[in-house]
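Here is the structure we will look at, set down as structure tokens.
Nothing in this text is a laboratory measurement; each read-out follows from the coordinates by a stated rule. As the structure is a computational prediction, the values presented were derived from the model and not from experiment. Using ideal geometry, Cβ is built from the backbone for each residue, glycine included, and neighbour counts are taken over all protein chains shown.
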Amino acid sequence: MMAPEHALAVGLGAALRGRGWLCATAESCTGGLVAAAITSISGSSAWFERGFVTYSNEAKVEELGVLPETLAAHGAVSEQVAREMAEGAMRRSHAQCALAVTGVAGPDGGTPDKPVGTVCFGFAASGRKPMTTTRHFPGDRAAVREAAVREALGGLAAIVAAG
């Protein structure tokens, strides 16, 4: 794992320990890389509850409770689906916060509306309104996935630290 991901995972762990919270992850295009970054940290079992890798639409529905209507209306790569993924990860775990990642890592799958590098993020935390964002990352599949891991870890850490 690259140093930025490690440092971000350490920071997330510190923020979660400070609040006494557990986190969960819901990943599509990153395929478990966020959970891998987290679990590379010794002692992460004290703050990482579980991870969901829901690559297919069916998995998003079955494992996280994403509504088929949301997928049909907005597509898997959308802030609406990212929000439902994050909320579902919280509902189906013992975590107080969760992040979700869904996107087009490439090299195939891009469209004019959602080109390769488009990644949507969802963040949910107890007592807070869910947040979403979309980023467009340059580079090949590996670069897009690495950038998405960094954005996900940093985004959740900022939300946890903000209280």
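Suppose we keep only residues that are more than 13 Å from Thr133 (Cα to Cα) and either among the basic types (Lys, Arg) or in contact with an Asp or Glu (Cβ under 8 Å, 6 or more places away or on another chain) (or both) within region 82-96. Which one would you say is surrounded by the most Cβ atoms within 10 Å (Cβ to Cβ)?
The residue in question is Gly88.
For region 113-129, indicate whether the set of residues that are of a type in the set (A, V, I, L, M, F, W, C) and farther than 23 Å from His6 by Cα is non-empty. Give the derivation first.
Filtering region 113-129 down to residues of a type in the set (A, V, I, L, M, F, W, C) leaves 116, 119-121, 123-125.
In the following step, the residues that additionally are farther than 23 Å from His6 by Cα were identified as 116.
Yes, region 113-129 contains a residue that is of a type in the set (A, V, I, L, M, F, W, C) and farther than 23 Å from His6 by Cα.
Looking at region 70-80, is at least one residue over 15 Å from Ala148 (Cβ atoms), surrounded by fewer than 17 Cβ atoms within 10 Å (Cβ to Cβ) and of a type in the set (S, T, N, Q)?
Scanning region 70-80 turns up no residue that is over 15 Å from Ala148 (Cβ atoms), surrounded by fewer than 17 Cβ atoms within 10 Å (Cβ to Cβ) and of a type in the set (S, T, N, Q).
Please go through region 52-81 and pick out each residue that is more than 22 Å from Arg135 (Cα to Cα) and either aliphatic (A, V, I, L, M) or touching a Gly at 6+ places or on another chain (Cβ under 7 Å) (or both). Break it down stepwise before answering.
Filtering region 52-81 down to residues more than 22 Å from Arg135 (Cα to Cα) leaves 58-59, 61-65, 67-69.
Those that are more than 22 Å from Arg135 (Cα to Cα) and either aliphatic (A, V, I, L, M) or touching a Gly at 6+ places or on another chain (Cβ under 7 Å) (or both): Ala59, Val61, Leu64, Gly65, Leu67.
Only one of Arg128, Arg145, Arg141, Arg135 is in contact (Cβ under 8 Å) with a residue 60 or more places away in the chain and of a type in the set (Lys, Arg); which?
Numbers: Arg128 fails: in contact (Cβ under 8 Å) with a residue 60 or more places away in the chain; Arg141 fails: in contact (Cβ under 8 Å) with a residue 60 or more places away in the chain; Arg135 fails: in contact (Cβ under 8 Å) with a residue 60 or more places away in the chain.
When all the criteria are applied, what remains is Arg145.
Which ones in region 118-163 are more than 20 Å from Gly88 (Cα to Cα), more than 14 Å from the chain's Cα centre (by Cα) and either small (Gly, Ala, Ser) or loosely packed, with under 14 Cβ neighbours inside 10 Å (or both)?
Selection gives Pro138, Gly139, Asp140, Ala142, Ala143, Ala161, Ala162, Gly163.
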